[in-house]
Structures are given as C-alpha cells and as structure tokens.
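Below is one structure; the comments refer to it alone.
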Amino acid sequence: MRFVYGHNLRTLRGPQKGNWRGDEIGYRSLHTWVTKNKEKTGVCTGCERERYTEWANVSGVYLRDLDDFAELCTECHWELDHGWDGEFD
C-alpha cells in the first residue's frame, strides 16, 4: 500500500488535530461543527412544526456545547435573535 501524505490529518478529529481551537472557535466554524455533530430532525423546537430548520445558539455565548444549540425554523430563529413578536407597528 502506498503512503498518502496528509491521510492521517483527515481522519483526526477534535483536540487530536493540530489546528483545534477549543472554545476559541469562530462563528462560522462553530456552526459547521454543530452541523457535523448534531443531527437535524426537520421539526422546529420552538413552534413544533415540520419545516426548514437551522441551528440557533440559545444562550448567546458561542461555546462548543451542543446542548446550547436549538433546531429552529427561520421565523423562530429570528424571534430568538431579535425579540420580534410577529406584529408590525
């Protein structure tokens, strides 16, 4: 079998990898990490309807904690982030 440079780097996960940043992770990288490590159901945890969902950070503190992310539809995610109650002034 032939040696392929970098093969082990692709199989390493988490702190084993040299560029692991722990809780010092960026916004986009954190959402990518959540997507890879938490499975979507397609049901919003806010309104409990089946629709397109996205990961929303519940506490507002971006740490590597899967329990701090909720699967919300776009409307519920917007409401969580901006406090919109669904009524126009």
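The values are calculated or read from the model by the stated rules, or taken from the named source; none is laboratory data. In this text, all values refer to a predicted model and were calculated from it rather than measured experimentally. Glycine also receives a Cβ, built like all others from the backbone with ideal geometry; neighbour counts cover every protein chain displayed.
Collect the residues in region 26-60 that are β-branched (V, I, T), out of contact with any Lys or Arg (no Cβ under 7 Å at 6 or more places or on another chain) and within 11 Å of C76 (Cα to Cα), keeping them in residue-number order.
Scanning region 26-60 gives a single hit, T45.
For region 21-48, what are the residues that are loosely packed, with under 13 Cβ neighbours inside 10 Å, at pLDDT 90 or above and assigned to a helix (DSSP H, G or I)?
K36, N37
Do you know which residues across region 49-62 are in a loop (DSSP other than H, G, I, E, B), within 14 Å of the chain's Cα centre (by Cα) and of a type outside the set (G, A, S)?
V58, V61, Y62, listed by residue number.
Residues in region 61-79 that are of a type outside the set (D, E, K, R) and closer than 17 Å to C44 by Cβ: how many?
Adding up the residues that qualify gives 8.
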